[in-house]
Structures are given as C-alpha cells and as structure tokens.
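Have a look at the structure below, then the notes.
The values are calculated or read from the model by the stated rules, or taken from the named source; none is laboratory data. Everything quoted here is computed from the prediction, not taken from an experiment. All Cβ positions, even for glycine, are placed from backbone atoms using ideal geometry, and neighbour counts span all protein chains on display. Heads up: the accessible areas ignore ligands, DNA and RNA and are worked out on the full protein's heavy atoms, side chains in. Shrake-Rupley method; radii C 1.70, N 1.55, O 1.52, S 1.80 Å.
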Amino acid sequence: MTRVLYPGSFDPVHNGHIEIIETAASLFDEVVVAAMVNTSKDGVFGLDDREEMLKVSTSHLESVTVKMFSGLVVDLASDIGADFIVKGLRAVSDFEFEFQMAQMNNAASGIYTLFIPSASKSSFLASKFIRDFARYGGDISAMVPAPVAARLKEQYG
Ligand code: PNS
C-alpha cells in the first residue's frame, strides 16, 4: 500500500489542485492532503477554513483524507507514514523552488518528492490570482470547486 502526502497552502484550493489530487488518487492507494503554512506567503484564509474547503472539494474521492498542519512537511510525512511527498508543477518557473524544497526535505528525512505535471487547462491557475479576481468581482466560478466559489463570495462579497 502506498500513501502519499500532498502539502500546500491551498489558500484557497482551486481546480488545478483538484486535478493533482485526482491524479495522485488514481496513482496511489492513499492520498493525504495537508493545508500548511508557507512562511513566505501571508495567509488569507485560516488553516481550518482551508481544510474545510479541501474536505468538501475532495469528498468524491474515497482514498483522499484532508488535514491541516502547522510545522515541517517532513514531520507530518513521518507522522502519517507517507512513502512520498507529491507536488504539482505548473510551469518551469515552479521547478527551481520546488526542486530545492524536494532536495531539502530529502536531505532532512530521506523522503522523496514526486512531481505531477499540471494539465495545460489548469497550468495558469494560482490561488493569489483567484483571490484578486474574487476580491474585485471577477468570475472565478470555472476555476474553483463550487463550495470554494461560495466561500470566496462570502469573504469578498
Ligand atoms: O502551495 P505552496 O505555498 O507552494 O506550498 C508550500 C508548502 C506549504 C508546501 C511549504 O511552504 C511547506 O512545506 N511548508 C511547511 C514548512 C516546511 O516544511 N518548510 C520547509 C520546506 S523545505
């Protein structure tokens, strides 16, 4: 049985993330998705809110569980017995940073990170752009799961 950990900010989760989660669920037996703190980003939604949006947006996937965690990704991976960390790659620009994190996490704990390339229909999606569009009344309904669109509307009016 192979269990993978998919960590991210998910502030909020969008359809590009859902695509990576669905792909991971088709490749591995168990996927644990964790809403975590990225210290280089100011979080907008609280971790509990992000966890809730992830839960409702992945409820169609039996092998997926959702957590929130404030700490090191390698510690969570060890706590849950993950075999691999999984990350999505949208573009070459993601690679350098993701590669460095993967090496750091491997050096610290021995765990490997597997990269899943994003499909072209999702590769432009980013939570920060979705928040901007939602804040200024843009239509993001095709870019996020319906419960997330509703939550964004509640947040920004
Ligand atoms: O969706 P993001 O913002 O690209 O996700 C980044 C995240 C949350 C996975 C990364 O910042 C992270 O792993 N945070 C937890 C703290 C940690 O382990 N930092 C060391 C990374 S080498």
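Identify the residue in region 4-23 that is charged (D, E, K, R) and farther than 20 Å from M101 by Cβ and, among all such residues, is least open to solvent (accessible area, probe 1.4 Å).
E19
If I ask for residues that are of a type in the set (A, V, I, L, M, F, W, C) and in contact (Cβ under 8 Å) with a residue 24 or more places away in the chain, which ones from region 79-100 would you list?
Answer for region 79-100, where residues must be of a type in the set (A, V, I, L, M, F, W, C) and in contact (Cβ under 8 Å) with a residue 24 or more places away in the chain: I80, A82, F84, I85, V86, L89, A91.
State all residues of region 54-78 that are touching a residue at least 40 places away in the same chain (Cβ under 8 Å) and either at positive phi or out of contact with any helix residue (DSSP H, G or I) (no Cβ under 9 Å at 6 or more places or on another chain) (or both); if no residue qualifies, say none.
Once the filter is applied, which keeps residues that are touching a residue at least 40 places away in the same chain (Cβ under 8 Å) and either at positive phi or out of contact with any helix residue (DSSP H, G or I) (no Cβ under 9 Å at 6 or more places or on another chain) (or both), region 54-78 yields only L76.
All but one of (1) more than 8 Å from the ligand (Cβ to nearest atom); (2) under 26 Å from D48 (Cα atoms); (3) of a type outside the set (A, V, I, L, M, F, W, C) hold for E96; state the number of the condition that does not hold.
(2)
Only one of R151, R135, R131 is touching a residue at least 12 places away in the same chain (Cβ under 8 Å), over 17 Å from V4 (Cα atoms) and within 15 Å of the ligand (Cβ to nearest atom). Can you tell me which?
R131
Let's see how each residue does on (1) within 25 Å of Q155 (Cβ to Cβ); (2) small (G, A, S):
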{"residue": "G46", "(1), (2)": "yes, yes"}
{"residue": "K55", "(1), (2)": "yes, no"}
{"residue": "S70", "(1), (2)": "yes, yes"}
{"residue": "L89", "(1), (2)": "no, no"}
{"residue": "S93", "(1), (2)": "no, yes"}
{"residue": "E96", "(1), (2)": "no, no"}
{"residue": "A102", "(1), (2)": "no, yes"}
{"residue": "T113", "(1), (2)": "no, no"}
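For the subset of region 40-49 comprising residues that are at pLDDT below 95 and open to solvent by 70 Å² or more (accessible area, probe 1.4 Å), which member is farthest from the ligand (Cβ to nearest atom)?
If we take residues in region 40-49 being at pLDDT below 95 and open to solvent by 70 Å² or more (accessible area, probe 1.4 Å), then D42 is farthest from the ligand (Cβ to nearest atom).
Would you check if G71 is in contact with a Pro (Cβ under 8 Å, 6 or more places away or on another chain) and within 12 Å of the ligand (Cβ to nearest atom)?
Taking the combined requirement at face value, the residue does not satisfy it.
Which one of V32, V37, V13 is within 14 Å of the chain's Cα centre (by Cα), within 21 Å of S78 (Cα to Cα) and more than 9 Å from the ligand (Cβ to nearest atom)?
One residue alone meets the criteria, V32.
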